[in-house]
Amino acid sequence: MPDSTFDPRRRTLTAGLGSLLAAPGLAIAQTAAAPRWKPERPITIYNPFAVGGITDLHLRLIGEKVGRVLGQQILVEARAGAAGTLAPAALVNAKPDGHTLACYTINSLRYPHYQSVNWHPTRDFSFITGLSSYTFALVVRADSPWKTVEDLFAAGKASPEKHTYGTSGIGGSGHLMMIEIEQKVGSKFNHIPYKGGAEWMQALLGGQIDFLADASQWGPFVDDGRCRILAMVTEQRLPKYANVPTLRERNIDAVGQSPYGLVGPRDLPPAIAQSLYEAFNEANNDPATLELLGRYIQVPWRKNPAEYRAFAEQYFNSVRPLLVKAGLAKV
């Protein structure tokens with residue numbers, strides 16, 4: 001959890017001089033005729049969630065490694081709020097020179113369907129690289145009276161909207177997942193949105209909410225016994241929590257998905273995008289990064305610039321029916 005004296009808006013320096021070695025298996029190989037682009041000053045990455053969450057920790061770690069490769073500091077600045085869309089929105093007026101980037105979550109492909117924004121989720125960004133994907137579950141404190149997911153759903157039926165759950169924002173993956181679950185099981189809970197995992201984790205441990213319906217910031221707290229998983233909202237059981245059932249095993253067809261990656265401003269030159277992709281892809285596959293992701297039950301989500309753009313365009317064009325079903329978007 002973040003130190004209480006830490007300023008959430010403070011930029012974090014992750015620095016260093018380093019090597020020019022390119023990662024193996026890249027889409028476009030480095031050659032003497034096409035040297036890696038190098039930044040002229042520090043690079044800023046806008047973090048869409050609160051300081052101290054897994055996204056923040058992930059960006060800081062790979063930023064430190066990329067700083068060594070590119071020879072400039074990487075600054076991570078929190079731009080939390082609006083279901084994680086404030087960070088990419090900050091790129092609208094940024095110069096496409098590689099020095100200003102944002103962590104882009106799947107929420108940015110949903111939000112414009114039901115909120116007025118001054119940016120287009122695919123046309124106004126240059127897609128650089130996929131990073132990881134959150135793992136979803138329904139989680140309670142260790143002392144919760146609910147021992148099974150059936151207990152939780154029964155409470156939501158007996159006392160509609162009495163019991164509270166936390167997520168990373170209205171219209172985010174956790175919120176949409178719970179709307180779908182509520183529709184399938186007939187329960188109703190009270191949604192409390194937060195700016196990120198660090199905040200909703202503190203709220204759960206402090207008793208301000210009854211359970212979580214979000215990504216795996218809860219992992220270390222389950223591991224140390226302070227929290228329990230009632231059900232995984234994944235396609236299949238996870239080896240680390242092999243004794244925890246999925247909702248699908250309970251005949252509830254719900255799976256949470258929420259990948260994230262890095263984008264730059266519109267019209268970022270391909271050579272800069274490729275250089276950034278190579279550096280961040282290399283850092284994202286470093287053993288220390290894999291260890292951090294594993295601690296929070298995540299794995300790399302590997303997408304090069306073309307693959308990432310193709311995913312974004314397909315998802316944006318296909319997600320609207322789900323948002324209409326959830327009551328967030330109009331037909």
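Let me know the Rg and Dmax you get for the stretch 136-292 when you use only its Cα atoms, in Å.
So, for the stretch 136-292, Rg and Dmax equal 17.8, 58 Å respectively.
What relative contact order, as a whole-number percentage, does the chain give when Cα pairs under 8 Å and 6 or more residues apart are counted?
Working: 706 pairs, mean separation 82.4, N = 331.
About 25 percent, as a whole number.
Expressed as an acute angle from 0 to 90° and rounded to the nearest 10, what is the orientation of the C-alpha long axis of helix 173-185 relative to the principal long axis of the chain?
That works out to roughly 30 degrees.
Which value, in debye to the nearest 20, describes the size of the charge dipole of the chain about its Cα centre when Lys and Arg Cβ atoms bear +1, Asp and Glu Cβ atoms bear -1, and nothing else is charged? Before the final figure, lay out the partial values.
Values: 34 positive and 29 negative charges, 81 e Å.
Rounded to the nearest 20 debye, it is 380 debye.
Near L61, within a Cβ-to-Cβ distance under 14 Å, what is the net charge of the other residues, with Lys and Arg +1 and Asp and Glu -1? Write down the numbers at each step before the final one.
On the way: positive: R60, K65, R68, R295; negative: D56, E64, E282, D286, E291.
That works out to -1.
Compute the distance from the alpha-carbon center of the stretch 38-111 to that of the stretch 112-166, in whole Å.
When both Cα centres are located, 22 Å separates them.
Would you pull out the residues with amide H under 5 Å of F49's amide H, same chain only if 5 or more places away, H placed 1.01 Å from N?
R79
Given the Cα-Cα distance of A288 and V319 and 0.36 nm per residue of separation, how much length would full extension add, in nm? Don't jump to the answer; show the numbers that get you there.
Numbers: separation 31, 0.36 × 31 = 11.16 nm, distance 3.43 nm.
Taking 0.36 nm per residue and subtracting the Cα distance, the gain is 7.7 nm.
May I ask you to give the percent of accessible area on the chain that is carbon plus sulfur, with a probe radius of 1.4 Å?
On the way: 7190 of 13920 Å².
That share works out to 52 percent.
For helix 54-70, report the angle its Cα long axis makes with the longest principal axis of the Cα atoms of the chain; keep it between 0 and 90° and round to the nearest 10°.
Compared with the principal axis, the helix lies near 10 degrees.
Angle between the Cα long axis of helix 149-158 and the longest principal axis of the chain, 0 to 90 degrees, nearest 10?
Tilt relative to the chain: about 60 degrees.
All other residues with a Cβ under 14 Å from the Cβ of D267 taken together, and with Lys, Arg as +1 and Asp, Glu as -1, what is their net charge?
Details: positive: K95, R123, R266, R309; negative: D97, D124.
Once positives and negatives cancel, what remains is +2.
May I ask you to list the trypsin sites (Lys or Arg not before Pro) in the stretch 126-161 that are in a DSSP loop and have at most 12 other Cβ atoms within 10 Å of their Cβ? Numbers along the way, then the final one.
Details: sites: R141, K147, K157; in loops: K147.
Here the trypsin sites (Lys or Arg not before Pro) that fit, given the DSSP loop and packing criteria, are K147.
Using just the helices of the chain, give the 222 nm mean residue ellipticity in deg cm²/dmol: DSSP H runs with n ≥ 4 each add -39,500 (n - 2.57), and the total is spread over all residues, rounded to 500.
On the way: 10 runs with 102 residues, N = 331.
Using -39500 (n - 2.57) per qualifying helix, the result is -9000 deg cm²/dmol.
Just want the answer: with Cβ charges of +1 for Lys and Arg and -1 for Asp and Glu, which residue in C227, I209, T148 is farthest toward the dipole's positive end in the chain?
Selected residue: I209.
Taking the structure as given and computing volume of the Cα convex hull per residue in Å³, which label from [x] 150; [y] 131; [z] 252 fits?
Checking each listed value against the structure points to [y].
I'd like to check one number: the per residue accessible area of the chain, probe 1.4 Å, reported in Å² as a whole number. Could you put the intermediate results ahead of the total?
Values: 13920 Å² over 331 residues.
Normalised by residue count, the accessible surface of the chain is 42 Å².
Between R250 and D97, take the C-beta separation as r, use R0 = 41 Å, and let me know the FRET efficiency to the nearest 0.05. Write down the numbers at each step before the final one.
Details: r = 51 Å, r/R0 = 1.23.
It comes to 0.20.
Extending each Cα 7 Å along its Cβ direction at E40 and R295, get the distance between those two points in nm, one decimal.
Simple spin-label model gives 3.8 nm for this pair.
What does the accessible area of R68 come to, in Å² to the nearest 10, when a probe of 1.4 Å is used?
About 100 Å², rounded to the nearest 10.
What GluC sites (Glu not before Pro) does the stretch 130-198 have in DSSP loop regions with at most 15 other beta carbons within 10 Å?
Working: sites: E150, E161, E180, E182; in loops: E161.
Loop-located and lightly packed - E161.
For T167, which sequence-distant residues (separation of 5 or more, or a different chain) have an amide H within less than 5 Å of its own amide H, given hydrogens modelled in the peptide plane?
I192, Y194
The values are calculated or read from the model by the stated rules, or taken from the named source; none is laboratory data. Quantities reported herein were computed from a predicted structural model and do not represent experimental measurements. Using ideal geometry, Cβ is built from the backbone for each residue, glycine included, and neighbour counts are taken over all protein chains shown. Protein only, heavy atoms only, side chains kept; ligands, DNA and RNA dropped before computing areas. Shrake-Rupley method; radii C 1.70, N 1.55, O 1.52, S 1.80 Å.
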